[in-house]
Amino acid sequence: MLLPTEPLITNPTWIVLVVLGLILFTPMVLERLKIPSIVGLIVAGMLVGPHGVYLLSRDASFEIFGKVGLYYIMFLASLGMNLTDVQRYRWGALAFGSISFALPMALGFLANRWGLGLSLPAAVLVAAMYSGHTLLTYPLVMRWGLARHRSVGMAVGGTILTNVLTLVVLAVVGGMFKPDGGDFNVWHLLGRVALVTAGLFLLMPSLARWFFRRFDEGVVQYVFVLVLVFLGAGLMEWAGMEGLLGAFLVGIVLNREIPAVGPLMQRIEFVGNALFIPYFLIGVGMIINLHAILSGWHIAAMALAMIIVGTAGKLLAAQLVGRALQFSATERNMVGGLSTARAASALAIAMVGYEIILPDGKHLLNEDVVGAAMMLILGSCIIASALTERAARQLMLSGATLATSAENEEKDSLVVALANPRMVIPMTNMALMLRSASATSQLTAVSVVLSDDAEERAVAQQGLDYAAKMAATVGVRMQTHCRRSVNAVTGIVHTAGEHEASDILIGLHQKKSISATFFGKFATDLFEAASQQIMVYRPLVPIHSLRRMHIVVPRSGEYDPGFRHWATRLATLSVQLSCRISVYGAPETMEALRKIWESSKQKPEVEYHDFTSWDDLLPLASRLRSDHLAVFISARRGMPSHHRYLDQLPMQIERYFSMRSWMIVLPKMDARQ
């Protein structure tokens with residue numbers, strides 16, 4: 001069959017229409033066939049590309065959007081991972097990164113040199129294809145909500161070392177065979193990479209924190225993030241490495257600056273998964289020349305050998321490290337699935353190797369090797385997608401038992417009171433961060449109107465609508481109530497009772513002087529009328545800029561009925577914000593907290609400090625910075641942890657913490673544990 005020699009569609013409008021059609025319909029069709037959408041988009045690119053029916057040409061748009069998509073995959077992988085888990089499993093990630101590089105490299109070199117008969121430098125370069133991997137199936141993990149699972153954290157953490165070593169091999173071999181290769185120095189390369197990395201980690205967090213504090217408009221923040229991603233990629237290319245490493249490092253740098261459930265993260269994931277990443281996958285498919293590969297058995301045999309050796313090396317590394325860390329079989333399969341796909345680094349190695357011309361005029365990697373490498377990309381993506389999809393489904397099914405056992409636990413329902421229009425954004429953000437990820441958790445916003453004034457009611461409803469819109473941007477359904485009542489406390493208590501609320505979140509009243517009515521009449525009456533856990537929040541900086549929580553717990557706090565509840569709630573806040581916790585209290589209390597957090601699904605990064613000087617909080621205040629949050633656990637009268645020094649807490653907060661963000665937690669009275 002004769003294939004066209006020119007693309008059938010050249011009009012930009014129709015090109016975009018065809019690409020969007022592929023992005024829209026390919027996953028829908030392949031979902032019925034149980035084929036991962038990632039593989040489907042690559043196959044779609046093969047069919048419509050120059051080596052298929054030639055419907056589209058791989059023009060500059062695919063080059064540009066493809067590069068953005070490639071950077072996006074690496075950026076999202078590091079941005080979405082749980083750095084606390086990476087820190088906790090850092091030795092496992094280091095071991096996996098080392099073994100998943102060395103094992104495929106060794107097996108691949110032997111197979112390439114004596115099995116495929118490649119030259120020494122070509123054997124090393126192709127073996128680097130087996131060692132490196134692209135987190136191409138990471139969008140599948142995100143779709144299943146497993147981005148913060150420990151197996152995913154270890155796989156992503158190991159990717160850092162694996163890809164760095166792979167790109168170093170590429171840079172060294174490529175530098176040796178460049179026309180000016182005589183001037184190549186590997187130490188200069190490593191020095192530039194170290195300089196760029198140090199600059200990213202030292203300067204970019206402060207820059208991002210400063211920008212996010214001063215500009216809260218969503219589009220502006222999103223564009224700023226893209227600028228940082230391409231800045232990191234460009235600097236890494238200047239250093240002599242591939243830009244994807246820079247994008248990956250920028251994701252690590254911004255990991256603690258962008259909350260996992262915030263609106264900005266939602267925008268980043270949406271745009272990448274809807275446009276840039278599919279564009280990249282279609283572009284990868286366009287490179288694969290299936291006709292040339294099938295025309296000769298030796299290319300197919302070479303591709304099969306590459307797929308077998310590369311897959312075996314990665315899966316064996318995942319099994320070895322996973323067993324050492326006592327991972328389940330499903331978790332080991334998840335690690336193997338995430339580390340099996342080749343796209344970015346393999347494509348870069350193939351292109352660099354093909355562009356290197358040896359003294360005899362031949363390519364270092366000839367067309368047969370490049371064709372086999374394209375089949376390696378396709379085959380590894382199919383295997384990785386199948387493994388990751390299956391492992392993700394099994395992990396979620398295994399989690400169903402946890403959900404079943406949790407059915408008898410108390411209902412997770414949070415009510416946030418919105419009164420001041422200027423506090424709608426910070427109060428809603430805090431409520432979203434405190435909300436657990438449980439499918440049964442509820443979030444309700446209430447605004448109490450004390451009169452029949454239509455204008456007052458309209459202002460209150462406007463604030464509630466904006467809060468609901470903020471929640472909707474991160475996929476959370478917020479119920480809103482604009483309630484008419486003669487008393488604000490009565491309105492909130494009735495709303496909390498109707499929704500079986502476990503927590504009530506309020507802001508500090510706008511009072512200028514400090515006295516016995518520090519909390520104001522509203523909060524004081526609410527403390528007496530509501531049995532739920534009450535949290536009083538006073539923000540001074542945006543919540544996503546918080547880096548540490550200082551939690552002060554009174555003596556005997558572990559005996560309070562709401563002890564486990566507030567500990568779980570604050571652990572959720574810590575994990576959502578990726579911020580560390582410093583706990584201050586009696587040794588017995590901290591030991592009880594340690595047991596709760598170590599046995600829960602939310603495992604924050606915690607430091608424990610003996611603390612008994614409740615009469616003077618100045619030493620604690622001196623430890624706080626502007627990006628810290630002070631959390632004071634109070635107690636109701638009659639509770640085991642209630643002491644006289646808690647009566648002086650408002651005065652000390654006003655004296656020592658007036659320039660810091662803080663929260664007071666009043667535990668619930670009748671928690672069922």
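Quick look at the numbers
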| item | result |
| --- | --- |
| Unmet requirement for VAL227, which otherwise passes all of (1) within 30 Å of LEU190 (Cβ to Cβ); (2) touching a helix residue (DSSP H, G or I) at 6+ places or on another chain (Cβ under 9 Å); (3) part of a helix (DSSP H, G or I) | (2) |
| Verdict on GLU237 being assigned to a helix (DSSP H, G or I) and among the acidic types (Asp, Glu) | yes |
| Qualifying position, being among the hydroxyl-bearing types (Ser, Thr, Tyr), assigned to a helix (DSSP H, G or I), more than 20 Å from ARG422 (Cα to Cα) and without any contact (Cβ under 8 Å) to a residue 60 or more places away in the chain, among THR490, THR495 | THR490 |
| Scope region 157-176; condition under 20 Å from TYR72 (Cα atoms), of a type in the set (A, V, I, L, M) and in contact with an Asp or Glu (Cβ under 9 Å, 6 or more places away or on another chain); matching residues | LEU167 |
| Tally, over region 101-120, of residues that are of a type in the set (Phe, Trp, Tyr), modelled with pLDDT of 90 or more and surrounded by fewer than 19 Cβ atoms within 10 Å (Cβ to Cβ) | 0 |
| Residue check for ARG256: basic (Lys, Arg) and in contact with a Lys or Arg (Cβ under 7 Å, 6 or more places away or on another chain) | yes |
| Hits in region 533-557 (condition: within 16 Å of LEU505 (Cβ to Cβ) and open to solvent by 30 Å² or more (accessible area, probe 1.4 Å)) | ARG538 |
| Residue pairs meeting the criteria (Cβ under 9 Å; at least 6 apart or on separate chains; first closer than 21 Å to GLY243 by Cα and touching a residue at least 40 places away in the same chain (Cβ under 8 Å), in region 147-171; second of a type in the set (Asp, Glu) and assigned to a helix (DSSP H, G or I)) | GLY157/ASP85 |
| ARG209 vs. criteria in a loop (DSSP other than H, G, I, E, B) and charged (D, E, K, R) | no |
| Single condition GLY145 does not satisfy, out of (1) farther than 17 Å from MET351 by Cβ; (2) open to solvent by less than 40 Å² (accessible area, probe 1.4 Å) | (2) |
| Cross-chain or 6+ apart pairs with Cβ under 9 Å, region 345-365 first and more than 26 Å from LEU70 (Cβ to Cβ), then open to solvent by less than 20 Å² (accessible area, probe 1.4 Å) and modelled with pLDDT of 75 or more | LEU358/LEU364 |
| Considering residues of region 434-460 that are among the aliphatic types (A, V, I, L, M) and open to solvent by 10 Å² or more (accessible area, probe 1.4 Å) only, the residue nearest to GLN602 (Cα to Cα) | ALA437 |
| Tabulated pairs, region 213-227, first within 16 Å of MET265 (Cβ to Cβ), second surrounded by fewer than 16 Cβ atoms within 10 Å (Cβ to Cβ) and not hydroxyl-bearing (Ser, Thr, Tyr), C-beta under 8 angstrom, 6+ apart or interchain | GLN221/PHE215; TYR222/VAL271; PHE224/PHE215 |
| Tally, over region 593-602, of residues that are buried (at least 18 other Cβ atoms within 10 Å of the Cβ) and either in contact (Cβ under 8 Å) with a residue 40 or more places away in the chain or out of contact with any strand residue (DSSP E or B) (no Cβ under 7 Å at 6 or more places or on another chain) (or both) | 2 |
| Close pairs from region 417-439: first at pLDDT 90 or above, partner part of a helix (DSSP H, G or I) and of a type in the set (D, E, K, R), Cβ under 7 Å, at least 6 apart | LEU434/ARG569 |
| Scan of region 438-467 for residues that are within 23 Å of PRO539 (Cα to Cα) and of a type in the set (Gly, Ala, Ser), ordered by number | ALA445, SER447, ALA460, GLY463, ALA467 |
| Verdict on GLU654 being in contact with a strand residue (DSSP E or B) (Cβ under 6 Å, 6 or more places away or on another chain) and not aliphatic (A, V, I, L, M) | no |
| Those residues of region 124-142 which are crowded, with 20+ Cβ neighbours inside 10 Å and within 17 Å of LEU358 (Cβ to Cβ), in sequence order | LEU125, VAL126 |
| Residue list for region 464-493, restricted to those being open to solvent by less than 20 Å² (accessible area, probe 1.4 Å) and over 23 Å from PRO263 (Cβ atoms) | SER485, VAL489, GLY491, ILE492 |
| Residues of region 558-572 classified as among the aliphatic types (A, V, I, L, M) and surrounded by fewer than 23 Cβ atoms within 10 Å (Cβ to Cβ), total | 1 |
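Residue-by-condition table, conditions (1) among the charged types (D, E, K, R); (2) touching an Asp or Glu at 6+ places or on another chain (Cβ under 7 Å); (3) open to solvent by less than 60 Å² (accessible area, probe 1.4 Å); (4) in a loop (DSSP other than H, G, I, E, B):
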site	(1), (2), (3), (4)
VAL321	no, no, yes, no
GLN326	no, no, no, yes
ARG332	yes, no, yes, no
THR340	no, no, yes, yes
ILE349	no, no, yes, no
GLY353	no, no, yes, no
PRO359	no, no, no, yes
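The values are calculated or read from the model by the stated rules, or taken from the named source; none is laboratory data. Owing to the predicted nature of the structure, the values given are computational and were not obtained by experimental measurement. Note: ideal-geometry Cβ built from the backbone for every residue, glycine included; neighbour counts use all protein chains shown. To get the accessible areas, we keep the full protein, side chains included, count just its heavy atoms, and leave off ligands, DNA and RNA. Shrake-Rupley method; radii C 1.70, N 1.55, O 1.52, S 1.80 Å.
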